[in-house]
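S.K.: Here it is: the structure, laid out below.
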Amino acid sequence: MNMNVLELNKDRNMNLVTRTPIDLENLRFRAHHPKAGAMLLFCGDVRNHSNGKEVIALEYEAHETMALKQIDDIVKEAQQRWELHFVEVIHRFGKMGISECSIAIAVATSHRSDAYAASRYLIDTVKHTVPIWKKECFQNGTEEWSKGCEACGVHEHSPESMADQHVPNQQSSISSM
């Protein structure tokens, strides 16, 4: 298996974590389904600002196998809640510049209300439950690990105490997207 991409195949659908750019056109093409009256593609893009500071890049880190397993579980839950003809979540890790896509979610349903609800559930649940850490790189040369999601309860300790944890090495508390 390509070391840059991890995937779990479920029929036509697959969820990915990758360190390469997300191919949004290909995802949009795969999401089309003859039963679908609605196809929604959500892209979480790197923006150029955060809390009044100018952002020049973001860096996402995670234990990729664990993140993929949790994303797959979230997708399974969404499939139980809504009739999804297609669903796929792709999360990118590593360093990304402004306007690059860090997460893409595609859903195809018979009706638009289900597409919007499922997409919202997927992004919110991934953001708040999957242990993914986001570092913001600012124009002034400083960097900060973001705060505010489920993983923010993990704090830096001495290098010795971090040896068995899958947490990026940093100098402040860390959290998810």
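S.K.: Here are some pairs, LYS76/LYS134; LYS69/LYS147; LYS76/LYS127; LYS53/LYS135; LYS76/LYS135; which of them have Cα atoms lying more than 18 Å apart in this structure?
M.R.: Going by Cα-Cα distance, LYS76/LYS134; LYS69/LYS147; LYS76/LYS135 fall outside the 18 Å limit.
S.K.: While we're here: Using alpha carbon coordinates only, what is the Rg to Rh ratio of region 87-147, with Rh defined as the Kirkwood radius? The partial results should precede the final answer.
M.R.: Details: Rg = 14.6 Å, Rh = 13.6 Å.
Using Cα coordinates only, the ratio equals 1.07.
S.K.: Please list 3J(HN,Hα) in residue order for region 112-127, calculated via the Karplus relation 6.51 cos²θ - 1.76 cosθ + 1.60 where θ = phi - 60°; whole Hz, with x for glycine and proline.
M.R.: Residue by residue, region 112-127 yields 5, 4, 5, 4, 5, 5, 5, 4, 4, 4, 4, 5, 5, 6, 4, 4 Hz.
S.K.: Taking amide H positions as placed in the peptide plane 1.01 Å from N, state which residues far from ARG19 in sequence (5 or more) or on other chains have amide H under 5 Å from it.
M.R.: PHE93
S.K.: Determine ³J(HN,Hα), in whole Hz, for all residues of region 70-75 in sequence, where each value follows from phi through the Karplus function 6.51 cos²θ - 1.76 cosθ + 1.60 and θ = phi - 60°; x replaces Gly and Pro.
M.R.: For region 70-75, the Karplus curve yields 5, 4, 4, 5, 5, 5 Hz.
S.K.: Continuing with the same structure: Please quote Rg/Rh for region 70-115 to two decimal places, taking the Kirkwood radius as Rh and restricting both calculations to Cα atoms.
M.R.: On the way: Rg = 12.8 Å, Rh = 12.0 Å.
We get a ratio of 1.07 for region 70-115.
S.K.: Across region 39-51, in residue order, what do the Karplus-derived ³J(HN,Hα) couplings come to in whole Hz, using 6.51 cos²θ - 1.76 cosθ + 1.60 with θ = phi - 60° and x for Gly and Pro?
M.R.: Taking θ as phi minus 60°, the curve returns 10, 10, 10, 9, 10, x, 9, 6, 9, 8, 8, 7, 6 Hz for region 39-51.
S.K.: Can you give the local net charge around ASN140? Use residues other than it whose beta-carbon is closer than 13 angstrom to its beta-carbon, Lys and Arg +1, Asp and Glu -1.
M.R.: With Lys, Arg at +1 and Asp, Glu at -1, the net is -3.
S.K.: Residues with beta-carbon under 11 Å from that of GLY44, excluding GLY44: net charge, scoring Lys, Arg +1 and Asp, Glu -1?
M.R.: Within the 11 Å Cβ shell, the charges total +2.
S.K.: Please work out the FRET efficiency for the pair LYS147 and HIS49, using the Cβ-Cβ distance as r and a Förster radius of 22 Å; give the result to the nearest 0.05. List each step's numbers first, then the result.
M.R.: Numbers: r = 16 Å, r/R0 = 0.75.
So the FRET efficiency works out to roughly 0.85.
S.K.: Once amide H atoms are placed 1.01 Å from N in the peptide plane, what residues at a sequence separation of 5 or more from SER102, or on another chain, have their amide H within under 5 Å of its amide H?
M.R.: GLY44, ASP45, VAL46
Values quoted throughout were computed directly from the atomic coordinates according to the rules given, and no laboratory measurement underlies them. Note that this is a predicted model, so its numbers are computed, not measured. We place every Cβ from the backbone using ideal geometry, glycine too, and count neighbours over all the protein chains shown.
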